[in-house]
Each structure stands twice: as C-alpha cells, then as structure tokens.
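Colleague: I'd like to ask you about the structure that follows.
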Amino acid sequence: MSKKILFISSANLTVNPRLLKELKLALSLSNKVDFIGFRLGNWSDVIDKKIIKDINANFHYIPITRKPFVSWFISSIIEKFTQKLYYFFKANLKINTYAYSKRSFLLCKYLRKNKKQYDLIIAHTLPTLYPAYKFAKQTNTNFIFDIEDYHPGEIVTVDAKNEKTRRIFLMKKLLPKASYLTYASPLIGKFSLNLLNNYPVNQHQLINNCFSKSEFQFKENTSKKIKFVWFSQNIAAGRGLELVIPALDKYKDKIELTLIGNLYAGFHKDFLSGYDDFINFVEPLSQKELNLKLSEFDIGLAIEISNVDINKDIALSNKIWAYFQSGLYVLATDTQAQKQFVGEHEDIGVVSGQAIERFTESIENIIKNIDNIRNKKQDRFIYAQKIAWEVESKKLTDIWSRLLTT
C-alpha cells in the first residue's frame with residue numbers, strides 16, 4: 001500500500017544530492033512524496049527546476065531571498081532578536097533554533113499551515129531538525145533525521161562560541177527525539193552519537209553517500225596529457241586549490257586540470273588566472289550530467305583541508321564517492337575520513353599530505369605510474385558497482401519499512 005512521505009531540507013535538491021537520492025528511492029517504492037525546501041536565489045535554482053520537472057512529487061519552495069520582502073524581513077529580525085535573547089534564555093529550545101537559522105522559523109511557519117497527514121517525515125540539514133520534530137509530534141508521525149555533517153565542527157565566523165554551543169544544544173536535545181538517525185560517514189556518526197548518552201544501537205545507521213551505478217559510465221582515456229578533475233558547488237578560495245594547483249603547474253606540459261562549478265570571479269582574478277594555460281573551466285552541472293562527465297578523466301582531486309574545521313576532517317564528500325564510482329584514481333588529502341576510506345578500498349588512489357611539496361611528490365608518482373593507473377580503471381569501475389546506491393539503499397528501505405509498519 002502506498003505511503004505518504006514528507007522530505008524537508010533547508011536547501012534545494014541541487015545542493016542536497018543525498019536527499020534527492022532518497023526522494024527518488026521513495027518514489028520507486030510507489031510512495032507518494034512531498035518535498036519542502038528553499039529557493040536560494042542563485043545558480044542552483046535553475047538546475048533545480050530542470051531536476052524536478054521529471055519527478056512525480058509535490059514540491060514547495062520557500063524563498064530565502066529578499067523577495068518577498070516582508071517574509072525575509074520578519075525572519076531576519078527574528079533571527080537577530082533571538083540571538084540577543086539567547087544570552088538570557090540559553091536553555092530555551094525555540095530561541096536556540098531561531099537564533100541558529102531563520103530557515104527554521106520559515107519552516108515552522110509553513111508547517112503550521114500544512115494540514116496534510118504523513119506516514120513518515122525525513123529531515124535533512126540542521127535547520128530542519130526542530131521544525132521536523134515539532135511537526136512530527138503534532139501529527140503523531142515517525143521522523144528520521146539524516147546527519148550529513150557534524151555541525152558543531154563546521155567553521156563559524158560570527159559569534160562562534162555561542163553558535164557552536166547552540167548547535168550542540170540542538171543536537172543533544174532533539175536527536176534523541178527522532179525515530180531513527182542516519183549519517184553520511186562513519187566518523188560523522190561517531191562524533192554526533194558521542195553527544196548523546198547511550199543512544200540505542202538499533203536506531204541509527206550509516207548510509208554511505210554513494211550514487212546509482214546507472215549515473216556512471218566507463219570510458220578509456222588515451223590522451224597524451226593526464227586529465228585531472230575537481231568539482232564543487234563553487235570554485236572559490238579555501239578549498240585546497242591553492243595547494244594543489246602550484247604543484248600541478250610544475251608538470252603542466254604533461255597534465256591538464258578541469259574545474260567544474262560556479263566560478264568566483266575574484267578568485268579567478270586573484271589566483272586562478274595565473275594558471276589558465278592548463279586549466280579548463282566548466283559551469284555547474286546537474287548531478288547526472290556531472291557523474292557521466294567524470295568518465296573522461298584519469299585523476300579525481302579530493303582535496304579537503306582538515307585544519308579548516310573538524311567537519312572537513314571527518315566527512316566523506318560527494319566528490320570522493322563520484323570519483324570512486326567513475327573508476328578514477330583518487331588523489332586525496334590526509335583527512336581522517338579520507339585516509340580511512342582509501343585504506344579500506346585497495347588500489348583506488350593515494351593519500352597526500354596537505355602541502356605543496358607533498359602534492360608535488362604524489363603527482364610525480366602518478367605521472368610515473370599513469371599507464372598502470374589507466375590499465376586498472378575498469379577494475380576500479382567494476383569494483384565500485386558493488387558499493388553503489390542500488391546496494392546501499394537497501395538499508396534505507398529496511399528502516400522505512402520498519403517505521404511505516406509501527
């Protein structure tokens with residue numbers, strides 16, 4: 001019998017590909033699906049419209065831009081006001097929530113008017129945690145919260161001490177209220193569960209961030225130059241490119257680099273323009289287009305910088321999974337999570353220290369061994385299919401089945 005499932009995000013599906021995979025899975029199981037997210041007012045909205053056009057679900061997007069002005073103004077005032085009140089009411093759940101993100105207020109406002117009844121609520125991203133909890137409680141519905149990042153460990157530039165304290169408070173108070181917890185990497189799960197006291201082992205599960213094997217293709221590369229690739233939502237400073245590109249520059253007669261994402265003009269002017277002779281730029285692509293394009297390359301750059309924040313050190317990004325499933329050889333920085341990942345999967349890549357000199361050594365070894373790396377691409381591609389979303393999603397199917405029958 002078809003069930004009604006509500007997905008909630010503080011972003012859209014373009015920048016939340018993990019939720020997109022779950023939403024499509026729910027539809028494939030003949031469920032009726034609603035999605036509540038946000039219209040972000042940037043490049044991702046355009047791609048998002050293309051994505052949802054072919055998905056048979058009900059979508060509602062809340063604007064986070066200044067239009068309509070009244071909604072933006074009120075939510076912004078509430079966020080600022082509750083940040084001031086926080087000093088006097090640090091144990092107040094609602095004040096912690098609204099001081100953390102005005103998107104939580106906007107979600108609560110929308111859900112108050114939503115008279116629909118669901119069989120299951122699935123929330124992604126921390127601003128959805130309180131709204132999902134409150135709505136689930138009001139409607140007597142099970143809800144799952146997916147921990148994509150360790151939010152107290154993310155870099156915070158404004159009111160950092162209080163902000164991190166608010167995030168810890170929200171997770172400690174509300175994660176135990178969820179019917180089930182899922183998380184995106186082993187270490188994110190470990191760090192998050194460490195905040196909770198004796199959380200039941202049968203109520204949480206690692207769901208790896210892999211993709212459907214249908215989104216990838218194998219393609220042999222015989223070009224003279226070794227093809228490196230890196231992608232992100234934004235091509236900007238502080239992502240590790242400042243360390244790896246000077247190292248690649250030393251071998252620019254033998255390599256080429258493709259950067260895929262929304263290029264920040266200032267970053268190009270201040271840094272990247274000096275390396276234009278071996279860098280190709282590609283505008284943001286949908287998840288499916290991106291994953292198919294990755295087959296053209298030899299080496300995928302997973303250059304997370306661990307000293308930026310704790311979360312970067314323990315997260316496994318979408319990109320390392322996409323490279324892995326494309327059969328690319330992964331050049332990864334030595335974050336805790338990536339060292340563990342590369343160590344668990346033999347011959348998928350190499351781990352490098354986070355310095356230009358260490359990257360230079362790794363790149364030199366890749367150049368020396370490129371024939372062997374290319375010869376093993378198909379083996380890597382076939383191996384990764386055994387860990388694809390078709391396999392991993394069965395964990396979610398089992399979780400949903402249990403909750404939908406209780």
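Please treat every number below as a calculation from the coordinates, not as lab data. In this text, all values refer to a predicted model and were calculated from it rather than measured experimentally. No Cβ is skipped: glycine too gets one built from the backbone with ideal geometry, and neighbour counts run over all protein chains shown.
Colleague: Stretch H60-V282 to full length: gain in nm at 0.36 nm per residue minus the Cα-Cα span?
Modeller: Net length gain for the segment: 76.9 nm.
Colleague: For the range 6-137, what is the Kirkwood hydrodynamic radius in Å, using each pair of distinct C-alpha atoms?
Modeller: 15.5 Å
Colleague: Using Cα centres only, tell me the gap between the range 138-155 and the range 184-258 in whole Å.
Modeller: 22 Å
Colleague: On alpha-carbon atoms, Rg over Rh for the range 213-385 using Kirkwood Rh?
Modeller: 0.92
Colleague: State the answer as a single residue: which of S232, V201, S214 lies farthest towards the positive end of the charge dipole of the range 137-268, with beta carbon charges of +1 for Lys and Arg and -1 for Asp and Glu, about the Cα centre.
Modeller: Result: V201.
Colleague: Hey, if you put +1 on the Cβ of every Lys and Arg and -1 on every Asp and Glu Cβ in the range 69-173, which of Y118, T157, F145 ends up farthest toward the positive end of that dipole?
Modeller: My answer, from the dipole projection, is Y118.
Colleague: Another one. Strictly over 29 Å apart at the Cα level, which of K21/K252; K269/K319; K53/K115; K49/K173; K49/K115 would you flag in this model?
Modeller: K21/K252; K49/K173
Colleague: Here's another thing I want to ask about it. For a Förster distance of 56 Å, can you work out the FRET efficiency between the beta-carbons of F218 and K161, rounded to the nearest 0.05?
Modeller: The calculated FRET efficiency here is 0.70.
Colleague: In degrees, nearest 10, range 0 to 90: what is the angle between the Cα axis of helix 356-368 and the longest Cα principal axis of the chain?
Modeller: Computed tilt is about 60 degrees.
Colleague: Charges at C-beta only: +1 for Lys and Arg, -1 for Asp and Glu. How large is the resulting dipole of the chain about its Cα centre, in Debye rounded to 20?
Modeller: Dipole about the Cα centre, nearest 20: 2200 debye.
Colleague: Could you pull the Cα extents of the range 246-306 along its three principal axes, largest to smallest, in whole Å?
Modeller: Principal-axis extents of the Cα atoms in the range 246-306, largest first: 31, 28, 27 Å.
Colleague: Please tell me the relative contact order of the range 213-385 in percent, rounded to the nearest whole number, where contacts are Cα pairs under 8 Å and at least six residues apart.
Modeller: 26 percent
Colleague: When the dipole is taken about the Cα centre of the range 31-81, and only Lys, Arg (+1) and Asp, Glu (-1) are charged at their Cβ, what size is it in debye, to the nearest 20?
Modeller: 140 debye
Colleague: Okay, moving on. Quickly rank 140-149, 218-227, 359-368, 73-82 as a protection proxy: mean count of other C-beta atoms within 10 Å, highest first.
Modeller: Packing proxy ranking, top to bottom: 140-149, 359-368, 73-82, 218-227.
Colleague: Take the alpha carbon atoms of the range 294-331, find their center, do the same for the range 349-406, and report the distance between the two centers in whole angstrom.
Modeller: For the range 294-331 versus the range 349-406, the Cα centre distance is 8 Å.
Colleague: Let me ask something else about it. For n ≥ 4 DSSP H runs only, could you compute -39500 (n - 2.57) per run for the chain, divide by its residues and tell me the 222 nm figure to the nearest 500?
Modeller: Value at 222 nm, helices only: -13500 deg cm²/dmol.
Colleague: A follow-up question, please. Please list the radius of gyration and Dmax for the chain, considering alpha-carbon atoms only, with Å as the unit.
Modeller: 21.7, 65
Colleague: Additional query: Using only the Cα atoms of the range 152-293, what semi-axes does the equivalent ellipsoid have when each is the square root of 5 times a gyration tensor eigenvalue? Give whole Å, largest first.
Modeller: With the √(5λ) rule applied to the range 152-293, the semi-axes are 38, 22, 13 Å.
Colleague: To the nearest 10 degrees, how steep is helix 17-28 against the longest Cα principal axis of the chain, on a 0 to 90 scale?
Modeller: The angle comes out near 70 degrees.
Colleague: While we're here: Multiply the residue gap between K225 and V46 by 0.36 nm, knock off their C-alpha separation, and tell me the result in nm, one decimal place.
Modeller: Length gained, K225 through V46: 61.1 nm.
Colleague: Of A315, Q338, F89, which is farthest towards the positive pole of the chain's charge dipole, taken about the Cα centre with +1 and -1 on the beta-carbons of Lys, Arg and Asp, Glu respectively?
Modeller: It is F89.
Colleague: Sorted from largest to smallest, which semi-axis lengths in Å does the alpha carbon gyration tensor of the range 87-189 give for its equivalent ellipsoid, taking the root of 5 times each eigenvalue?
Modeller: That gives 23, 17, 11 Å for the three semi-axes.
Colleague: In debye, nearest 20: dipole of the range 213-385 around its Cα centre with unit charges on the Cβ of K, R (+) and D, E (-)?
Modeller: So the dipole magnitude of the range 213-385 works out to roughly 360 debye.
Colleague: Let me ask something else. Using the per-residue mean of other Cβ atoms lying within 10 Å as a proxy for protection, in what order, highest first, do the peptides 352-358, 235-241 fall?
Modeller: For the peptides 352-358, 235-241, the packing ranking is 235-241, 352-358.
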